1. Given the residues ALA340, ALA291, which is the only one that is of a type in the set (A, V, I, L, M), open to solvent by 30 Å² or more (accessible area, probe 1.4 Å), over 20 Å from ARG93 (Cα atoms) and in a helix (DSSP H, G or I)?
2. If we keep just the residues of region 132-176 that are on the phi > 0 side of the Ramachandran plot and surrounded by fewer than 15 Cβ atoms within 10 Å (Cβ to Cβ), which is modelled with the highest pLDDT?
3. For LEU298, indicate whether it is at pLDDT below 95 and either open to solvent by 20 Å² or more (accessible area, probe 1.4 Å) or farther than 21 Å from GLY222 by Cβ (or both).
4. Pick out the one residue from ARG377, ARG351, ARG368 that is over 17 Å from GLY11 (Cβ atoms) and without any contact (Cβ under 8 Å) to a residue 24 or more places away in the chain.
5. Can you confirm whether TYR334 is more than 12 Å from the ligand (Cβ to nearest atom), open to solvent by less than 20 Å² (accessible area, probe 1.4 Å) and not small (Gly, Ala, Ser)?
6. Contact list please: Cβ distance under 9 Å, first residue in region 18-42 and within 19 Å of ARG116 (Cβ to Cβ), second residue assigned to a strand (DSSP E or B) and of a type in the set (S, T, N, Q), pairs at least six apart or on different chains.
7. Filter region 257-281 down to the residues that are of a type outside the set (A, V, I, L, M) and modelled with pLDDT of 95 or more and list them by number.
8. Among the residues of region 102-130, which ones are touching a residue at least 60 places away in the same chain (Cβ under 8 Å) and touching a strand residue (DSSP E or B) at 6+ places or on another chain (Cβ under 6 Å)?
Amino acid sequence: MPQSYDVAILGAGPAGTACALALRGAGLRVALVDKAQFPRDKICGDAIPGPALKALRQLDPAYADELLATLRPKAETRDSRVVAPNGGSLGVRWHLPTFNSPRLHFDAALLALVKRHTATEILENFAVKTLAGAPDAVTLTAADGRQLRAGLLIACDGANSVAARQLAHRRLDRAHHCAAVRAYYAGVGDADGRTTEFFFLKKYPAGYLWVFPVGEGVFNVGFGMLSKDVVAQDVDLKKVLLELLHTHPELAPRFARARPLGPVAGFGLPLGTGRPAHALAGPRWLLCGDAASLIDPLQGHGIDTAIKSGILAAAQAVACFAEQDFSADFLQQYARAVQARLGPQLARSYRIMRFLGNKPWLVNAGVRLARVPLARRWLQKLVG
Ligand SMILES: Cc1cc2nc3c(=O)[nH]c(=O)nc-3n(C[C@H](O)[C@H](O)[C@H](O)COP(=O)(O)OP(=O)(O)OC[C@H]3O[C@@H](n4cnc5c(N)ncnc54)[C@H](O)[C@@H]3O)c2cc1C
C-alpha cells in the first residue's frame, strides 16, 4: 500500500520548503518529496532577493534570523551596478537588505529549517515520474515504482515540472521563457565582493550578463537571454559567456587572471509574463514557483515569487481541508491570490522588458537619465 498523507509537496526548493514552513501547526500530515539528496546544486545566479527574506520573516522572524545566522558562505549585497551597452554605469542601492549565497547551501539551509521547525516527513531520492489524479487522492509514482498518495498535491518541482506537464499540460513557450548559463569563478579583478553587477550588451539586447559575489572570494558569473531569441539568433550561450569574458572592454581585464571553479552549466527560466500562461490549479493540485512560471521577466529572479507562492499554497491547503473542498473551482481561489499578490509586479516587469528589449540605446539613455536623483528614484521604483 502506498503511504498516505494529507498534503504532498513535490520539490524541496524555495517554493516547497516555504510551503512546508507555512503549514507548520496546521494539523495536516505533510510529505515533502524531492528527487535529490540535499545538499544539492541548483543552477541559478544565487542572488536571494530582499522580498524572499521578508516573506520568511513575516511567516516567523526565527526563520529569517536562523537562516542569516547559519548560512555560509554568503555575501551581503545591498548595492548593484548596472553597466549599459555603451559602458556607462550606474550604482543602485536596494531598499531591502539582500544577500547572495550558492543555492547548494541556501536550499539546504531552508530544508534544515523545515526539519527543525516542522513535523514534515522529508523523502529525498524520490524522483516522481507520473502523477495520477483521482476523485479522492493524487498518486505520485517514483521512477523506482514507489508510490505515495495525498489528498492535495502542491507541486513545487521547478522549471521542468512533471506536474505542470502532466496535470496542467504546459508546453514550452519560448516567447515567455529564458535560457541562462552560469559558472563559478575566483580571482575576479576589481570587485569589492559586495556589489552585484549587471552588464547589458549591444549584440544581445534581450538579455544580460551578471557577475554576482557569493562570498569567500567566489563569483557566480552568468548570461541569459529570451529563449525565442536564443533560437532565432542561433546563440550558444556557454560559448558566448566565455567569449564575452575575454572580449568585453570592461570584463576582459578583470577576468584575465580569474579561475573557473567548474564547468559552465545551463537551465531554463519560465517567466511570469503577467498573463495566465497555463492553469495554476486543478482538482486536488496546485502549482508554485517555477512550476507555475512565476519568474520576474525583467530581472530573472524567481526565489522570492517561489517563496511567496509556496506560502499562498499553504493557506489554500488549510482552506481546502477546513471546507473539505478540493474541486478545481475552489482551488481557483489560489490562482486568484497569486494573481493579486504577484500579478501586478510581473505584468509591470513584462511591459518594461518588452519596451527595453532590442533597444540598447534606450538602456544607455536610462543609465544616463538615472544620474539625476529624482529620475533614479522613479526608475528604481519602476523595476522594483
Ligand atoms: C541560470 C539561472 C539564474 C537564476 N538566477 C536567479 C537569481 O539570481 N535570483 C533569483 O531569485 N532567481 C534566479 N533564478 C530563478 C530561480 O532559480 C528559480 O526561480 C527558483 O529556483 C524557483 O524555485 P522553485 O522552488 O520553484 O524550484 P527549484 O528551486 O527548481 O526547486 C525544484 C525542486 O524540485 C525537485 N524536483 C524536480 N523534479 C522532480 C521530480 N520529478 N521528482 C521529485 N523532485 C523533483 C528538484 O530536485 C528541486 O529540488 C535563476 C534561474 C536560472 C536558471
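1. Just a single option satisfies the conditions, and that option is ALA340.
2. GLY145
3. Here the answer is yes, as LEU298 does meet what is asked.
4. Step by step, each of ARG377, ARG351, ARG368 is checked, and only ARG377 is over 17 Å from GLY11 (Cβ atoms) and without any contact (Cβ under 8 Å) to a residue 24 or more places away in the chain.
5. Spelling it out, TYR334 is indeed more than 12 Å from the ligand (Cβ to nearest atom), open to solvent by less than 20 Å² (accessible area, probe 1.4 Å) and not small (Gly, Ala, Ser).
6. Within 9 Å, the pairs are ARG29/SER4; ALA31/GLN3.
7. We begin by selecting, within region 257-281, every residue of a type outside the set (A, V, I, L, M); these are 257, 259-260, 262-263, 266-268, 270, 272-276, 278.
Within region 257-281, ARG257, ARG259, PRO260, GLY262, PRO263, GLY266, PHE267, GLY268, PRO270 qualify.
8. PRO102, THR120, GLU121, ILE122, LEU123, PHE126, ALA127, VAL128
The values are calculated or read from the model by the stated rules, or taken from the named source; none is laboratory data. The shown structure was predicted, so the numbers you read here are calculated from the model rather than taken from an experiment. Don't worry about glycine lacking a Cβ; one is built from the backbone with ideal geometry, like all the others, and counts go over all protein chains shown. Please note that ligands, DNA and RNA were not included when accessible areas were found on the heavy atoms of the full protein model with its side chains. Shrake-Rupley method; radii C 1.70, N 1.55, O 1.52, S 1.80 Å.
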